[in-house]
Amino acid sequence: MPCIIISSNIKLENEQSQLFIQEASQVLADTMGKPEQYCMVGYQHSNMVFGGSDKPCAFIQLSSIGNINPSNNSKVAKALSAVVSKHLQVDGNRVYINFTDVKATNWGFNGGTF
């Protein structure tokens, strides 16, 4: 159920992007306490500026059914920022993360909802 979409102005080649999203998926599952079989991760290159600068930056949109709370959000932010820094060479102070807690009835899966 947790899903993250990572947008960045840093472009990765296909093999690099696969390694990046696979590691991000493992980190997402571990930090959100959810089975990885239900985790989804996307990465997209996009023209972006942060603070008026086109230096490397990233935006992470994280949606999940539950486990969105102040203490867990801090843990998740730290772990995901580390993965972004490792693979995209983006400093943590140039990463925004938006956390969205979604009701189970508002999350579709396999022709129904959770």
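Translational diffusion coefficient of the chain at 20 °C, 1.002 mPa s, Stokes-Einstein with Kirkwood Rh over Cα pairs, in µm²/s as a whole number. Diffusion coefficient, whole number: 148 µm²/s. The Cα atoms of segment 22-70 give a gyration tensor whose axes a ≥ b ≥ c have a/c of 1.5 or more with a/b greater than b/c, which makes the shape prolate.
Taking other Cβ atoms within 10 Å as a rough exposure proxy, MET32, MET1 sort from fewest to most as MET1, MET32. When the trypsin sites (Lys or Arg not before Pro) in segment 1-110 are filtered for DSSP coil states and for at most 14 other beta-carbon atoms within 10 Å of their beta-carbon, the remaining sites are LYS11, LYS103. Our helix-only sum for the chain, with -39,500 (n - 2.57) per DSSP H run of n ≥ 4 divided by its residues, gives a mean residue ellipticity at 222 nm of -11500 deg cm²/dmol. Computed from the C-beta positions of PHE109 and GLU36, the FRET efficiency with R₀ = 22 Å rounds to 0.90. Note on ASN93 and SER74: the model spin-label points, each 7 Å out from Cα along the C-beta direction, lie 2.0 nm apart.
Choose one answer from VAL102, VAL41, VAL90: the residue with the largest mean-square fluctuation in a GNM of the chain with alpha-carbon springs under 10 Å. In the Gaussian network model the winner is VAL102.
Normalising the average separation of contacting C-alpha pairs (under 8 angstrom, six or more residues apart) by the number of residues puts the relative contact order of the chain at 32 percent. The lysine pair count for the chain, using Cα distances under 19 Å and pairs eight or more places apart or on different chains, is 8. In this structure the amide hydrogen of PHE114, modeled in the peptide plane, comes within under 5 Å of the amide hydrogens of TRP107, PHE109, none closer than 5 places in sequence on its chain. Here the spin labels are modelled as points 7 Å beyond Cα on the Cα-Cβ line, and at SER46 and ILE5 they lie 0.7 nm apart.
Just so you know, all these numbers are worked out from the coordinates, no wet-lab data involved. In this text the structure is predicted, and so the values were computed from the model without any measurement. Reconstructed Cβ throughout: ideal geometry from the backbone, glycine too, with neighbour counts over all protein chains shown.
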